[in-house]
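Undergrad: First the structure, then my questions, so here it is.
Taken together, the values in this text are just the output of simple stated rules run on the coordinates, not laboratory data. Note that the structure is a prediction, hence the values are computed from the model and not measured. So basically every Cβ, Gly included, is an ideal-geometry build from the backbone, and we count neighbours across all protein chains shown.
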Amino acid sequence: MKYTKSGDTYILRADVGEEVCTCVLELARSEGISLAEISGLGAASSASVGIYDVAQRKYTQVGAAEYPLEAISLTGNITLKDGAPYLHMHALLANPVTGTVLAGHLNEFIVGATAELFIRSLPGSIDRMVCPKTGLNIMKL
């Protein structure tokens, strides 16, 4: 992983074999980021996404691919949970051969070629709390 900063935005490049969520959290910890918005794209060698099942109060994997994917969109945010950076990201991933799409809450993204993310740090911080109705870690506003 390599990154630089321009104004309030970190530009992060994750390289072949690196896991994107791990890289973003490592950056957030090392730079003290407690609130940020994320956008990005790239190419994965493998990835998995899920969806939250409110009835079961857990994330269920809805798709996994052990083949190359184009990341059409990576989007998310960084907040805090229990004093540590908390990452919430979604992905829209396309099979470059068939055009089929895999989308949902990003669980894992192993870089196949590159991943380029813009992480705009915002002033302040927002904590997360468990929602009693859904069990989700929601923003404490």
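Undergrad: Kindly provide the set of residues from the range 32-58 that are touching a residue at least 40 places away in the same chain (Cβ under 8 Å) and either among the hydrophobic types (A, V, I, L, M, F, W, C) or part of a helix (DSSP H, G or I) (or both), ordered by number.
TA: Once the filter is applied, which keeps residues that are touching a residue at least 40 places away in the same chain (Cβ under 8 Å) and either among the hydrophobic types (A, V, I, L, M, F, W, C) or part of a helix (DSSP H, G or I) (or both), the range 32-58 yields Ile33, Leu35, Ala36, Ile38, Leu41, Ala43, Ala44, Ala47, Val49, Ile51, Val54.
Undergrad: Sticking with this one: What are the residues in the range 4-26 that are touching a residue at least 40 places away in the same chain (Cβ under 8 Å) and of a type in the set (Ser, Thr, Tyr), if any?
TA: Thr9, Tyr10, listed by residue number.
Undergrad: Looking at the range 72-83, which of its residues are over 8 Å from the mean Cα position of the chain (by Cα), over 15 Å from Val130 (Cα atoms) and surrounded by fewer than 17 Cβ atoms within 10 Å (Cβ to Cβ)?
TA: Ile72, Ser73
Undergrad: Would you check which residues across the range 88-124 are over 30 Å from Leu141 (Cβ atoms), hydroxyl-bearing (Ser, Thr, Tyr) and either touching a Lys or Arg at 6+ places or on another chain (Cβ under 7 Å) or not in a loop (DSSP other than H, G, I, E, B) (or both) and list them?
TA: Matches in the range 88-124: Thr114 only.
Undergrad: What pairs come up if the first residue lies in the range 103-132 and is over 17 Å from Lys58 (Cβ atoms), the second is of a type in the set (Ser, Thr, Tyr) and not in a strand (DSSP E or B), and their beta carbons are under 8 Å apart, counting only those six or more places apart or on different chains?
TA: Every condition considered, the pairs that remain are Gly124/Ser34; Ser125/Ser34; Ile126/Ser34.
Undergrad: Quick check on Ile110: is it β-branched (Val, Ile, Thr), touching a strand residue (DSSP E or B) at 6+ places or on another chain (Cβ under 9 Å), within 27 Å of Ser30 (Cβ to Cβ) and crowded, with 17+ Cβ neighbours inside 10 Å?
TA: Yes: the conditions hold for Ile110.
Undergrad: For residues in the range 125-141 being assigned to a strand (DSSP E or B) and hydrophobic (A, V, I, L, M, F, W, C), which is nearest to Ser46 (Cα to Cα)?
TA: Ile138
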